[in-house]
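Working notes for the structure below.
The values are calculated or read from the model by the stated rules, or taken from the named source; none is laboratory data. Note that the structure is a prediction, hence the values are computed from the model and not measured. With ideal geometry, Cβ positions are generated from the backbone for all residues, glycine too; neighbour counts draw on all protein chains shown.
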Amino acid sequence: MRIDVLTLFPEMFESPLRYSIVKRAQEQGLVEIALTNIRDFAIGEYRKVDDKPYGGGPGMVMMPGPVFDGFEHVQSLSPEPARVILLTPQGTPFSQAKAAELSEQDRLILIAGRYEGFDERIRIGLGAEQISIGDYVLNGGELAAMVVIDAVVRLLPGALGDEDSARDDSFSNGLLEYPHYTRPEVFRDMKVPDILLSGDHGKIAQWRREQALERTRRLRPDLLTRTEE
Ligand code: 6GU
């Protein structure tokens with residue numbers, strides 16, 4: 001997979017991409033992630049990328065020119081057709097199902113906006129799908145793009161050490177995960193449930209299913225009534 005990111009703050013991505021599973025996936029050649037600064041495509045002495053909104057009002061709007069030019073440049077870096085994604089609070093809520101879908105693509109182009117938002121012609125002209133990571137406002141799409149990259153990359157075949165460790169993850173089966181325990185058997189008077197020490201794999205699997213269901217019912221009942229995942 002190849003992921004291109006268009007952003008005004010490429011440096012924000014450097015640290016998250018340098019650790020753990022995302023780092024290893026790049027080293028293994030499972031994913032190539034390329035960062036492009038939208039400001040490199042701005043023109044004029046001040047390299048302006050934003051301007052006042054027509055019609056008045058607070059804040060600034062991302063100008064279409066630098067985003068289009070940056071996008072066309074990035075597209076030309078590889079012949080592979082890409083899924084183009086704009087990160088904006090107006091987008092479709094991101095989900096594990098969406099992460100799984102994106103992990104099957106050969107190429108993604110993620111565009112992170114700043115300021116009050118994108119000039120509407122960016123949305124229209126690029127024909128991009130829009131993704132939001134939740135119902136709150138971030139100062140820009142960068143953190144959202146990093147969330148999407150993290151969730152997608154770990155689903156690439158070979159990215160996780162143990163292929164099974166993605167299967168039971170919260171949400172991939174529509175439920176929250178069951179409780180985990182490791183050594184020691186007793187920690188500050190709290191004991192590991194006997195069943196996990198029993199060696200009875202059938203009973204353990206059943207207990208985990210019940211726990212996952214109970215937790216989901218208690219903490220996220222909305223997941224049990226939702227049908228789209
Ligand atoms: Cl993708 N961008 C911004 N600026 N805020 C958000 C978001 C994205 N998703 C949730 N809040």
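Of the residues in segment 31-81, how many are touching a His at 6+ places or on another chain (Cβ under 9 Å) and either modelled with pLDDT under 95 or not hydroxyl-bearing (Ser, Thr, Tyr) (or both)?
2
(1) within 13 Å of the ligand (Cβ to nearest atom); (2) closer than 15 Å to GLN105 by Cα: which one isn't true of GLY140, the others all being true?
All conditions pass for GLY140, except number (2).
Considering each of SER78, SER132, SER103 in turn, give the residue that is within 27 Å of GLY174 (Cα to Cα), away from the ligand (no atom under 12 Å from the Cβ) and touching a residue at least 12 places away in the same chain (Cβ under 8 Å). Talk me through it step by step, then tell me what you get.
On the way: SER78 fails: within 27 Å of GLY174 (Cα to Cα); SER132 fails: away from the ligand (no atom under 12 Å from the Cβ).
Checking each option against the conditions leaves just SER103.
Going through segment 1-17 one residue at a time, which ones are free of Cβ contacts under 8 Å to residues at least 60 places away in the same chain, in a helix (DSSP H, G or I) and closer than 19 Å to PHE71 by Cα?
Result: GLU11, single match.
Regarding LEU87, is this residue hydrophobic (A, V, I, L, M, F, W, C), touching a Phe, Trp or Tyr at 6+ places or on another chain (Cβ under 6 Å) and surrounded by 15 or more Cβ atoms within 10 Å (Cβ to Cβ)?
It is false that LEU87 is hydrophobic (A, V, I, L, M, F, W, C), touching a Phe, Trp or Tyr at 6+ places or on another chain (Cβ under 6 Å) and surrounded by 15 or more Cβ atoms within 10 Å (Cβ to Cβ).
Take the residues of segment 109-122 that are more than 13 Å from the ligand (Cβ to nearest atom) and closer than 21 Å to PRO58 by Cβ: which is surrounded by the fewest Cβ atoms within 10 Å (Cβ to Cβ)?
GLU120
Kindly indicate the residue of segment 18-60 that is part of a strand (DSSP E or B) and touching a residue at least 40 places away in the same chain (Cβ under 8 Å) and also surrounded by the fewest Cβ atoms within 10 Å (Cβ to Cβ) among those meeting that condition. Steps first, answer last, please.
Keep residues of segment 18-60 that are part of a strand (DSSP E or B), which gives 32-37, 50-51.
Pick out the ones that are also touching a residue at least 40 places away in the same chain (Cβ under 8 Å) and you get 33-34, 50.
On the way: ILE33: 18, ALA34: 14, ASP50: 18.
Applying the filter and picking the extreme gives ALA34.
Would you check if there is a residue in segment 76-83 being in a loop (DSSP other than H, G, I, E, B), under 20 Å from the mean Cα position of the chain (by Cα), aliphatic (A, V, I, L, M) and buried (at least 18 other Cβ atoms within 10 Å of the Cβ)?
Among the residues of segment 76-83, at least one is in a loop (DSSP other than H, G, I, E, B), under 20 Å from the mean Cα position of the chain (by Cα), aliphatic (A, V, I, L, M) and buried (at least 18 other Cβ atoms within 10 Å of the Cβ), which makes the answer yes.
Which one of these does PRO66 not meet: (1) within 16 Å of the ligand (Cβ to nearest atom); (2) touching a Lys or Arg at 6+ places or on another chain (Cβ under 9 Å); (3) farther than 30 Å from SER172 by Cβ?
(1)
Quick one: how many residues across segment 180-213 are surrounded by 13 or more Cβ atoms within 10 Å (Cβ to Cβ) and over 25 Å from LYS98 (Cα atoms)? Steps first, answer last, please.
We begin by selecting, within segment 180-213, every residue surrounded by 13 or more Cβ atoms within 10 Å (Cβ to Cβ); these are 181, 192, 195-196, 204, 207-209, 211-213.
From what's left, over 25 Å from LYS98 (Cα atoms): 181, 192, 195-196, 204, 207-208, 211.
Of the residues in segment 180-213, 8 are surrounded by 13 or more Cβ atoms within 10 Å (Cβ to Cβ) and over 25 Å from LYS98 (Cα atoms).
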